[in-house]
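I have placed the structure first, in the form of C-alpha cells, so that the comments after it can refer back to it.
The values are calculated or read from the model by the stated rules, or taken from the named source; none is laboratory data. This is a predicted model, so every value here is computed, not measured. These accessible areas exclude ligands, DNA and RNA; they are computed on the full protein's heavy atoms, side chains included. Shrake-Rupley method; radii C 1.70, N 1.55, O 1.52, S 1.80 Å.
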Amino acid sequence: MSVNIVAFGNERDGFSEDNQQPSLIWSYLGRSALISHIDSSLSASHVGNPVCTDYQACVFGNVRLVVHDCPVWDIFDSDWYTSRSLIGGADIIVIKYSVNDKTSFQELKDSYVPMIKKALNHCSVPVIISAIGARKNGVPCTCPLCTSDRRSCVTTSEGVQLAKELGATYLELHTLNEFYIQKYFGGVLEYFMIQSLNQKSSEKMKKRKKMQKCHRVQPPQLEQPEKMPILKGEASHYDADLHNLLCCCQCADVAFYPEDFSTMVEAHKIILCSVSHLFMLLFEVKSPADIRDASIVRTAQSLFTVETGAAFPPVPRGVPPCISPVRVVVKDPVFCSCLPDILHFIYSGAFQWERLEEDIKKKLKDPEKTEHVLEKVKCILKTPGKLNTVRDCRSHQIKRLYNTSLRLFFNTPVLADVIFKIQGATVPAHRAVLVARCEVMAAMFNASILQAMSLLICAEMYQVMRLQHICELYIITQLQSMPSRELASTSLSIVSLLKKAKFHNSDCLSTWLLHFIATNYLIFSQKPEFQDLSAEERNFVETHRWPSDLYLKQLADYRNYVHSQKCHCTVM
C-alpha cells in the first residue's frame, strides 16, 4: 500500500540568494520519526530547481510514500495533461508559498487556483496550504515603474481566504525548524496520511468481500447497536432524605405558630397527610364524614386552628414566594413546645417511639405533661375506628404504615403541585417529595440539560460524587427520551456536552455520549458540530456507527436488485 503526495509552489523568498536552503517536503522527510528510509537516488537533486522532483520513502514501517515536488508553477502552462494527472493520482496535495513574495502569491491566486479547482472537481483530495517564512517589515519600493512590490507581505487573512476557496487546511510555518516541521506540519500531514490508508484499506476490504459474495443476492442483516454502558446504582436513602427535607425546609407549605406568634415551625402537607388522618382532616383532604372517628375530629379541633388573614409574620424562608403557606395555630402550648421533636419523629419514619419518649421527657421533665403530649401524638397517628396502644406504637405497625402511606398519593391530583406531561398523558406529583428524593430537582426544579451539566461541573469541582452521578443519569435519561425529529432540530450541541464531560472527568457520561452519537450517526453527521470531534472520537464514531455504511450500501444494492428486470417472482 502507498500514499501519493503532490506538492506545488516555491516556499523560498523570491529575492533570497540562499538556493541551498532545504525545501519544506525534504525537511519533513529528514526530520519525521515515521520515515524509516529515503531513496537517495531520487532525492539527490532536491537542492536544485527542477520542474518536478520525486522522492520515495518508507513510512509506518512498510507503507511506501511517493512525493512529487513541483516548485515551478509553469507545469500547468506547459504540460496541462501531466499536471492534471498528478492531481488525479494524489492522495494529499500541498500548496506552498512564501509570505514575503506577494507577486507569486497573487499569480497563484489568479492563475493557478482556478486550474486546481477544475482538476479537483470530481475528487475529494485533502489540500494543505502552507504559508512559510517570517514576514519582513521592509520599506516598500516607490519606483513608479514597479506595478507591484514583491517585498510586500502576504497577510494571514489572504491565506485563510485562499484556503476557504479550495476547502483546504491552512498552516503558517514561520521557520523550518523541529517544531513547525515535525509537530505542526507533520502532524497535519500524517493525519491525512492515516485517513488515506484507512480509506484504501476499507475499499480493499469491500472489494474482497464483493468478490467472495455468492451469486444469489441476499438482503443485508442489520445488527443491533452495541450496548451502552450501565451506571451502577447506590443504596436507598429514603428515610434520611425525608428527614433532611424537614431540616432544610425547602418547598415547605405549612407553618405552625403558637398563639403569640413568637416562633415558627415549617412542614409539608404531603408528608403530614401521608402519616395522619388528623392532618388530612385539618387540610381538607378528607371530611369528618370520610373519617368517621369522633376522637380524631375532637383532637384536631382542640389542638389546631387554620388561620387566614394578613396579620401574620413574613413568609417562611423555605417557601417560594409564589406559594402561600397554610398557617396553623397550635392551641396547646405544651404540645407546641414539643412540636419540633414530634415532626422529626414523623419525618424520620414514625417508628422510633422510644426515642421520642426520651426526647419529650428530657424537654418537659414532668411525667404528667409527657404523658399528655404522647397521648396527643398517638391520636395523630391513629387509624380511624381503631384504638392505638403503646404496644402498637412500639411495634413495626407504624413503620409499615409509613413506608406505604406515600403510595396513596401517587398519581393522584390530591395535594399535587406538579404536573408531568408524557406523550399526551399527565402524571401529577408533589414538589416536596421530588425535592427530597432528587438532589438535581432540589437545586433547580424543572432543570434543563444545560443546567444539569452546570450542576455536574460544580459537583465535580467540590467532589460530590453522588450528585455528579445523579446529573449524569438525568442527562442520559433526557437525551434517551428525545425522538429523532427533536434530535435533528435541537440547537443543543451534543459534541459540546461530550467535550465538557471529558474535561470534567465524567467518564461514564462521555463514554455514553460517544455511543449516542454513533448510534444516531445519520442525524449527527449532518450537523456542523460533527466536525468538532477529535480524530480519535471521529474514528470511534465511524467504527461503531449504526447503521453502518456497509449496511446502507448493501441495502441500496439489494433494492436495485429487487426492482431490476432480472428479478422475477418464483411463484408466478
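Structure above, values below:
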| item | result |
| --- | --- |
| Cα centroid separation, region 156-210 to region 468-487 (Å) | 36 |
| Accessible surface, 1.4 Å probe, highest first, among residues MET264, MET211 | MET211, MET264 |
| Amide proton proximity set for PHE8, modelled H, under 5 Å, gap of 5+ | CYS70, VAL94, ILE95, LYS96 |
| From phi via Karplus (6.51, -1.76, 1.60), per-residue ³J(HN,Hα) for region 69-75 in Hz, x at Gly/Pro | 9, 10, x, 9, 6, 4, 4 |
| Per-residue HN-Hα couplings for region 290-295 [Karplus 6.51, -1.76, 1.60; θ = phi - 60°; Hz; x = Gly/Pro] | 6, 7, 6, 9, 5, 5 |
| Spatial separation of Cα centroids for region 96-139 and region 268-302, in angstrom | 85 |
| ³J(HN,Hα) computed for each position of region 475-490 - Karplus, 6.51 cos²θ - 1.76 cosθ + 1.60, integer Hz, glycine/proline x | 4, 5, 4, 5, 5, 5, 7, 6, x, 4, 5, 6, 4, 6, 9, 5 |
| Added length on full extension, which subtracts the Cα-Cα distance from 0.36 nm per residue, LEU550 to CYS123 | 151.6 nm |
| Under 5 Å, built H, 5+ apart or other chain: amide partners of PHE304 | LYS331 |
